[in-house]
Amino acid sequence: MKHGSGQPMSNNPNREFIGQTNEAEHAVSPAPGPNHRQSDRVFLTLPIRVSGIRGRGEEYVEEGQTTDISRQGATIKVEKELFTGEIVKVQRLNGAGKEVMARVVGRVSRGSEGHMFGLTILDPAVANPWGIVFPAVADMDNAVLRALLRCVSCERTEVTYLNEFEADLLLCHHYISRLCEQCGGWTTWNRPHDHPPAGPIGAATPGTQNRRSHGRIHVEAVGCVRHPTLGNEVVVVRELARGGLSFFSTTKYPEGSRIEIAVPYSSRAPNIYSPARIVGSRNGAGKGTLEYEYGVAYLH
């Protein structure tokens, strides 16, 4: 079994290609500046109000919705035509979000049901404009999983980076116990739109400890891959690590491809898509079909 470069992949059962890059990979990637990373995107529909001033001081107000949000901005859908470079005010309706100033960075698409535009928030110091808490960059150092979680007591919603133990519990039980700053104590958290558990969270079920080894979790989780030309695909994720993951697919993705991937993925809940790159592949053992195993490294 070979890499696309012709070099044999490791047969180590720990699958060392997950989350790793080679020197060539670093050579073609721009060096990140201090405290800079590509923000996780949460694909979430929120009602919003957009307002601005045109030409001779003509004011307009437009209601629409987000299709995805991040710490730095959002993609929105509105009926009104907006222009690249235009400064607008944006506020989430029916929620705890704040009014923020944003710049239109470009059109994403145009359709009969409205126009989609990308926005970037002008003041990065504005906290929580969408009513969703995004973690500090340093919080992701030990993370193997990223999820949008909600406190079942106060409904505070956060983009959460989970370590090996927390990720294992969430994938097994669909909820975890963690500190809530708003409640001031330990509470139960689950994914939005999930039903709260009937009782308090307990210890990991027997056998889950054996699923974790050397900073990796052996799982059977559902993920979704977004590729710029191959589209979206729901895949099976088998291994999670701090720098990335591995997934199985019948689609042939070129090594080096930039993708976005959401794990866990649900069609009924908001999903977090993280920027990543495919850094390794090999033939897998598919049942009657050609299946590939891919190693993925997160892009920070």
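At a glance:
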| quantity | calculated |
| --- | --- |
| Residues of segment 168-194 satisfying the condition of being hydroxyl-bearing (Ser, Thr, Tyr) and touching a residue at least 60 places away in the same chain (Cβ under 8 Å) | none |
| Filter result (over 29 Å from Pro192 (Cβ atoms) and open to solvent by 20 Å² or more (accessible area, probe 1.4 Å)) within segment 252-279 | Lys252, Pro254, Glu255, Gly256, Val279 |
| Residue in segment 110-124 that is part of a strand (DSSP E or B), surrounded by 14 or more Cβ atoms within 10 Å (Cβ to Cβ) and among the charged types (D, E, K, R) present | no |
| In segment 92-109, residue modelled with the lowest pLDDT [restricted to those that are under 15 Å from Pro47 (Cβ atoms) and surrounded by 15 or more Cβ atoms within 10 Å (Cβ to Cβ)] | Gly97 |
| Strands (runs of 3 or more DSSP E) within segment 28-74 that include 3 or more residues within 20 Å of Val105 (Cα to Cα), out of contact with any helix residue (DSSP H, G or I) (no Cβ under 6 Å at 6 or more places or on another chain) and modelled with pLDDT of 80 or more | 47-54, 58-69 |
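The values are calculated or read from the model by the stated rules, or taken from the named source; none is laboratory data. These numbers were taken from a predicted model, which means no experiment stands behind them. Methodologically, a virtual Cβ is constructed for each residue, glycine included, from the backbone with ideal geometry; neighbour enumeration extends over all protein chains shown. With ligands, DNA and RNA removed, areas are computed over all heavy atoms of the protein, side chains included. Shrake-Rupley method; radii C 1.70, N 1.55, O 1.52, S 1.80 Å.
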